[in-house]
Amino acid sequence: MFNLDLDHSNPLGTQRNVRYLQYISAFCAGILQVSQFVNLAWGSPTVPLLLAKDSPIGRPLTYDEVSWMLSIIYAGIIIGSVLLLLLFDRLGPKSILMVGAALTIISWILLGLAKSFAMLIIGRVIAGIGDGISFPCISIYICEIASKDIRGRLGAIPVLIGIFGNVFIFGAGPYLGYQTLIISCAIFPSIFLILFFFMPNSPYYLIRRGRKNEAKTNLMRLLGSNAPFEVEISLKEIEDTVRRETEGETLMQLLLSPNFRKSLLIVFVAHNIINFCGLTFISPYLQVILASSGISLSKELTSVIYGLVQVPAVILSGILMDKVGRKPLFCVSSLGASVTLIIEGVYIYHQDVKLGNLSFVPVVCLTLYKFFISFGILHLPYFIVGELFTTSTKKVGSFIVTAYSSIVVFGSIKIFGSMFSSWGFDTLCWIFGSVCFIGVLFSLFMLPETKGRSFDEIQNNLSSKNTSPPEQINQ
């Protein structure tokens, strides 16, 4: 991330350049996000097919096997996060993202050819490895190529593009055959590989590797300018940031620093909120939940609505993120999700009572829940990883958070899958709603505001007990 707000930093008064390549790069990253969302939601239309007597693998799966198939992807994500830790400094975010896409393509090939439960498991594990190695790198890549004044909206672009993966799965998935769905899913990472090959690498990564000339060339492309003055200012800022974060301290000293511990705690809490807000359970089990809720609309139509509602939520979030900041978005997102889940739970609890004209409540609540989740909780915990960690600690921080979250989600899908049949969906709604309300307290008292701040300003803010508004820091 570098300062390109030329209205203030350029004494010549040059007009702000059109940074179209930053937007194109973010759009391409969004295509990979589509693939990642498809990987996670693939079970929604596929589970009924695999449970049927004419299962595409030759025999119907049991519910226990289905829970393993849905959750095992997170074991692969853990493996992928370890590979990310080992390969990040060597390959850089751009190459890591391309490796993740290639692994995803391999996973779809295996799932398409699967004629046994074991082959399904192998395919899902490889899909998880691809997601684990690439998912954290999307926010890191965006933050390292973005200007600070548009970093928030650039960070929202991959999520906005990515949600079309959910729309596709929930909307088209129920109407496509097993093989057709897999071929369609494999198209997304294939397109990404072709387009992203031409995108620039992170200038921060290139400076860390001593490739200054290449970093300067990429900066010129990202700035949309050949003016030496503009490029040199940004290049010097990147060099100074990398130098301060790497000189005089070992990696272990950086990891033990108060800033890293504070950043890790903030990201850790944020990820616990998204891990236990219900999203990872509700999405793959959506068809089953809708069938048990007694809704009047068809499950297929409700799935389409559930997927499409994310679009206006993420667009609005992207517009507001650089205007009102991260804290208000996370607060509103958490509060809205909490209220809708609690109401959903109350309705399900009283489902045996004749509620007359209130049959629309479960659909409305699930739709509003997905809207509020997409407004902030869905993407901010991942985005702040790229903002709060320094360039030297991002790989370790990403590894810790991704590995932990994968273990938690793996276990929660198994546990909540059992609780769904024994405790009922109403109880799960109240549990998830309580977690979302914790997100309100987190956003008010713990989450730092990073709107409009450079990496150095964010680290200085973490070091300070008294947080100053961004406007004061920038002045």
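Couple of notes before you dig in:
- Residues whose amide H lies under 5 Å from that of SER147, counting only those 5 or more places away or on a different chain, are PHE2; hydrogens are built 1.01 Å from N in the peptide plane.
- Relative to one another, the C-alpha centroids of region 139-200 and region 84-108 are positioned 15 Å apart.
- Within region 303-338, backbone nitrogen closer than 14 Å to the virtual label 7 Å beyond the Cα of THR367 toward Cβ: 303-313
Taken together, the values in this text are just the output of simple stated rules run on the coordinates, not laboratory data. This one's a predicted model, so the numbers in the text were calculated from it and none came from an experiment. All Cβ positions, glycine included, derive from the backbone under ideal geometry; neighbour counts span all protein chains shown.
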